[in-house]
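None of the figures in this text is laboratory data; all of them are computed from the coordinates on show. This one's a predicted model, so the numbers in the text were calculated from it and none came from an experiment. Heads up, the Cβs are rebuilt from the backbone with ideal geometry, glycines too, and the neighbour counts pull from every protein chain shown.
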């Protein structure tokens, strides 16, 4: 598979490009998605509610940044004298400083005209040629910065809630696995199977095996299943990801019964369908619908 040498997180550049969003009055609001900003020109947000950062975690992130670059750009807004103020990403910003970076990728936005920004983001997601990790980061940006729910985001970009969830789950992967997805060394199907493995060391070994042996998605699913069954590491948990078909069926049944139906299954394929109720009256209503 072809390899891409771009640093992770540049998908926001492709997603946004450079464009101007007209604002109210005489001035416009410029949003730039492909800015690389000198760290020394960025100041932290005085209203940041988080005041303590785990130093060990910061050092680990700094080492990762040295190896792979900054995965997700920080978000800033223009300040006085050509400087910028952080809106989000202070942990990444601090780790980048520890890593010795002089410049970092940043998403620059103004704090007003939120609706225009949302429209521009959605428009560029729909027409940009992004890889799966870049799409996932774009979805997360819309949810975090524009305060969309997954359902609202799905409606705006014409995607199902299941599709949005599948992309967002990719961000739970370890950095090496995300790099492999970004560089087209493994597919989204491979990545979705790997999400079940929470232990990053084990996950990294599986990624190397998948790439080295050029395993198919089906072979990867079998490999992951065996790894989970054979693992003696208590930190490696079995997480069964429902297929799109089952998740869509779960949502459809929930809507028809007006109850939050859940479908669960284990590694062997066995499982259950749970239909909760809060009263005898609600139980009778559900039973009538089922009959």
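Simple spin-label estimate for residue 67 and residue 43 gives 3.6 nm between the two label positions (7 Å along the Cα-to-Cβ direction from each Cα). Length, then width, then depth: along the principal axes, the Cα atoms of the range 186-230 run 21, 17, 17 Å.
Rank-order 206-213, 189-196, 251-258, 273-280 by packing density, defined as the average count of other C-beta atoms within 10 Å over each peptide's residues, highest first.
Details: 206-213: 16.5, 189-196: 21.9, 251-258: 13.4, 273-280: 11.1.
Those peptides, ordered most packed to least, come out 189-196, 206-213, 251-258, 273-280.
Extent along the principal axes, Cα only, for the range 244-290: 36, 17, 15 Å, with the longest axis given first.
The simple Förster model, with R0 at 25 Å and r as the Cβ-Cβ distance, assigns residue 205 and residue 94 a FRET efficiency of 0.25. Each peptide in 177-188, 148-159, 90-101 receives the mean, over its residues, of other Cβ atoms within 10 Å, and ordering these scores from highest gives 177-188, 90-101, 148-159. When every alpha-carbon pair in the range 160-209 is counted, what percent end up more than 17 Å apart? Here the tail beyond 17 Å accounts for 24 percent of pairs.
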